[in-house]
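Bear in mind these aren't lab numbers, they're just calculated from the coordinates by the rules spelled out. Fair warning: this is a prediction, and the values are worked out from it, not measured in the lab. Glycine gets a Cβ as well: all are built from the backbone with ideal geometry, and neighbour counts include every protein chain shown.
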Number of protein chains: 2
Amino acid sequence: MLRTRFTEAFGIEHPIVQGGMMWVGRAELVAAVANAGALGFITALTQPTPADLRTEIARARDLTDKPFGVNLTILPSITPPPYEEYRQAIIDSGVTIVEIAGANPETHLPHLKDAGVKVIHKCTSVRHAVKAQRVGVDAISIDGFECAGHPGENDIPGLVLIPAAAREIDIPMLASGGFADARGLVAALALGADGVNMGTRFLCTRESAIHPKVKEQIVANSELDTQLIFRTLRNTARVADNSISRKVVEIERAGGTFDDVRELVSGQRGRKVFEDGDLEAGIWSSGMCQGLIHDVPTVAELVARIVGEAEDLITGALTDIVA
Amino acid sequence: MLRTRFTEAFGIEHPIVQGGMMWVGRAELVAAVANAGALGFITALTQPTPADLRTEIARARDLTDKPFGVNLTILPSITPPPYEEYRQAIIDSGVTIVEIAGANPETHLPHLKDAGVKVIHKCTSVRHAVKAQRVGVDAISIDGFECAGHPGENDIPGLVLIPAAAREIDIPMLASGGFADARGLVAALALGADGVNMGTRFLCTRESAIHPKVKEQIVANSELDTQLIFRTLRNTARVADNSISRKVVEIERAGGTFDDVRELVSGQRGRKVFEDGDLEAGIWSSGMCQGLIHDVPTVAELVARIVGEAEDLITGALTDIVA
């Protein structure tokens, strides 16, 4: 058992979190993570309406009596989803842990805190982590350059970002981006984090409701097989290398605008990858840690393996180094 | 005391290495590192001729009776330095440890091995590490995206690169890039390395023979204050942010060639920064770990601090996490 300030504050057994993932963060996976003693997050916006989110939360609750959370990602958008309604669905459903990513959590915070919800803010810079701590979030998830999805524009990897943040952050902190195994978990703890957030690694488990071909491709991929798209838009996203992501990068390099790639990067294309296993249908998020992923275990096997190996690493190999 | 396969194989006390640094890797610093029980490297090409290198090695030997090494960086060049003559100077001087960086070490290896020299190959990808192991080097120094100087073109940070390499490498392995403190050292050991290589951190010590203004600037800089130049030439270098490095990036973005920046990036300008403390005279290498550097200690203080804190971290905070 690994006890940290994060496991204590959030009432979970292991300092391992399954972060929000579009199309992936659904009841079955989240419940499996909860039942394994880790903390899973339903992705709010994967549900087409706030009513669907209520149903999804209820489904997860049927599958586990352990705590789980909901991720609410508030990315800049011309026609934003009804964030307040999603937030209310979370509160009404009695969920007590929310991860807010994508932008300043400040406007949502009083509503969530008043309802007794603990808020984790996911961000990609020390500056934003310090700001979130100041406005009163309960924990930080600091997301490095390695991550799948949106790494920000500063390109600071976890080896530097985590200890730099740890110096400024007093509340519990998760390390995110590049983590897939026990080595990473122990490294994160050494660097000053109180646990790790893993996305790609949990995506590649038996219980994640995506097509097996995607999981096989992640196992086949190395750390080199990602692309950074939307660099030119200053809305960088790390996605799996395929013909579509390479094409987007090419169009951007040639000076193309978002309009030139809009159709290629549509969410429905990404959904098609995950649902139909058509790996070239669209872009799909994957992190560099796919180079550390070599199998498709059950969530329970994965969590037990990481915790067991982390314990052995600390009390065995590392302790032996101290002569 | 921290004992690893690296300290055993190379006959040093602590798993900490001061890597080759142009204009910085001189006798006083290298001897101070050796006297602190770590492993320092004289930078061969900082000496204008092989004869000067012989003198520099002799100077270091006057200052310490502990082992030290010489770095030989073999970067692609139209008019290369006389590498064979530098190599012979190293062998004739009785140096028993050489770090080869920049290209395939294969042509130099038989000469060095025949002379009983142990060779560390510094590289930035798993593929090159595997190749170096196959041709018979004694240790790998795997250098992540965070590093000062040349991170390669793959942009894989240490959190992923180190464990990915550890899976393939059986000989002792150093982790390089982004390391400046005990947290980083313990993280590197957890990720599968047998020690750390630090450049920027040793540059920012009392004994490093560069102008104090450079050291003050590193302390003032955050992890955000670096620039990647020569991306367009596929010879990327991470350097400190200043007016010159920003100008080089700007010229490259506008489609400029090496001829357009040649004068700006000349080695003599970089040397002027280090010798005169004119921070805007030219480009100078610095890594992201400058965000973790907050003082200018003596080498002895630095090494003792890192080792002591690493021991405490392993036997204290990390062990306490295992409930």
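Counting other Cβ atoms within 10 Å of each Cβ, which trypsin sites (Lys or Arg not before Pro) in segment B:232-323 have at most 14 and sit in a DSSP loop? Spell out each step's value before the answer.
On the way: sites: B:Arg234, B:Arg238, B:Arg246, B:Lys247, B:Arg253, B:Arg262, B:Arg269, B:Arg271, B:Lys272, B:Arg305; in loops: B:Arg234, B:Arg262.
Within segment B:232-323, the qualifying trypsin sites (Lys or Arg not before Pro) (loop, at most 14 other Cβ atoms within 10 Å) are B:Arg234, B:Arg262.
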**OP:** Whole Å is fine, so just give me how far the alpha carbon centre of segment A:13-44 lies from that of segment B:81-160.
**Re:** 43 Å
Subject >> Calculated label separations, A:Asp260, copies of the chain, 7 Å along the beta-carbon direction, nm >> reply: 1.9
Original post:
In straight Cα distance, which lysines are under 16 Å from A:Lys247, not counting same-chain residues fewer than 8 positions off?
Top reply: none
**OP:** Run through the other copies and list how far each one's label point is from that of B:Arg167, in nm with one decimal, shortest first; the point sits 7 Å from Cα along Cα-Cβ.
**Re:** 3.3
Original post:
Just for chain B, what percent of DSSP beta bridges are antiparallel, to the closest 5?
Top reply: 20 percent
Original post:
In what order do A:Ser93, A:Ser176, A:Ser208 fall by count of nearby beta-carbon atoms within 10 Å, going from fewest to most?
Top reply: A:Ser93, A:Ser208, A:Ser176
Subject >> Length-normalised contact order of chain B in % [C-alpha pairs under 8 Å, at least 6 apart] >> reply: 17 percent
Original post:
Quick one: which of B:Lys215/B:Lys272; B:Lys66/B:Lys213; B:Lys66/B:Lys118 span more than 19 angstrom between C-alpha atoms?
Top reply: B:Lys66/B:Lys213
Original post:
Whose amide H sits under 5 Å from the amide H of A:Asn71, counting only residues 5 or more places off or on another chain, with H placed in the peptide plane?
Top reply: A:Ile42, A:Thr43, A:Ala44, A:Glu99
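Indicate the gyration tensor shape class of chain A (rounded, prolate or oblate), computed on the Cα atoms with a ≥ b ≥ c the square roots of the eigenvalues: a/c under 1.5 is rounded; otherwise a/b larger than b/c is prolate and the rest oblate. Present the calculation step by step, with values, prior to reporting the outcome.
On the way: a/c = 1.31, a/b = 1.14, b/c = 1.15.
Rounded is the answer for chain A, as its axis ratio a/c remains below 1.5.
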Original post:
Quick one: length gained pulling A:Ser77 to A:Val219 fully straight, 0.36 nm per residue minus the C-alpha distance?
Top reply: 47.8 nm
Original post:
How many nm is it between the label spots at B:Gln88 and A:His111, if each spot is 7 Å from the Cα in line with the beta carbon?
Top reply: 7.8 nm
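Classify the protein assembly as shown as rounded, prolate or oblate, taking a ≥ b ≥ c as the square roots of the eigenvalues of its Cα gyration tensor: rounded when a/c is under 1.5, otherwise prolate if a/b is larger than b/c and oblate if not. Spell out each step's value before the answer.
Numbers: a/c = 1.97, a/b = 1.64, b/c = 1.20.
Taking the square roots of the gyration eigenvalues as a ≥ b ≥ c, the protein assembly as shown is prolate.
For chain B, what does -39500 (n - 2.57) per DSSP helix run (n ≥ 4), summed and divided by total residues, give at 222 nm, in deg cm²/dmol to the nearest 500? Let's see the in-between values first.
Details: 14 runs with 126 residues, N = 323.
One gets -11000 deg cm²/dmol as the mean residue ellipticity at 222 nm.
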Subject >> Label point 7 Å beyond Cα along the C-beta direction, distances from B:Thr298 to other copies (nm, shortest first) >> reply: 6.0
Original post:
For the charge dipole of chain B, defined by +1 on Lys and Arg C-beta atoms and -1 on Asp and Glu C-beta atoms about the Cα centroid, which residue among B:Ile156, B:Gly40, B:Pro212 has the Cα displaced farthest towards the positive pole?
Top reply: B:Ile156
Original post:
For B:186-199, what's the mean count of beta carbons from other chains sitting within 10 Å of each residue's beta carbon?
Top reply: 4
